[in-house]
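Here's the structure we're looking at; comments come further down.
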């Protein structure tokens, strides 16, 4: 729960050194109506429901054996970070770009955080 908003199938993302972050997606932020620096009540429990992967992502990964091997070697909860991120894209173009980023990150041996940091750096260089 985030305040009175029930969440499900949201995985904590490891950030290194034993730290984790809880991604708060746009739909969550919209419901919560919080301003910057607002306080929020968080209550977490284990969600044991089945995680459903992004079928388009899996199809693309299967076309790249190295990417497929690295992706499937990760725990399912880590795989789900990518699915959730892709499925929360607002446009088809963003969704497609995120799938391509994920496949490329797997080929390069990057984890989720490394992939996002590399994308930010590339974006800065283009500007």
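FYI, it's all coordinate maths here, none of it is from the lab. None of these values were measured; they are calculated from a predicted model. Here the Cβ positions follow ideal geometry from the backbone for every residue, glycine too, while neighbour counts run over all protein chains shown.
A few comments on the model shown:
- Selection within region 15-36 - touching a residue at least 60 places away in the same chain (Cβ under 8 Å) and surrounded by 13 or more Cβ atoms within 10 Å (Cβ to Cβ): 23, 25
- Of the residues examined, residue 70 is not one that is assigned to a helix (DSSP H, G or I) and closer than 17 Å to residue 119 by Cβ.
- Options 39, 52; residue that is exposed (fewer than 10 other Cβ atoms within 10 Å of the Cβ), outside any helix (DSSP H, G or I) and out of contact with any helix residue (DSSP H, G or I) (no Cβ under 7 Å at 6 or more places or on another chain): 39
- Any hit, region 3-20, residues being touching a helix residue (DSSP H, G or I) at 6+ places or on another chain (Cβ under 6 Å), assigned to a loop (DSSP other than H, G, I, E, B) and within 18 Å of residue 84 (Cβ to Cβ): yes
- Positions within region 79-127 being outside any helix (DSSP H, G or I), out of contact with any helix residue (DSSP H, G or I) (no Cβ under 7 Å at 6 or more places or on another chain) and more than 22 Å from residue 66 (Cα to Cα), in sequence order: 90, 91, 127
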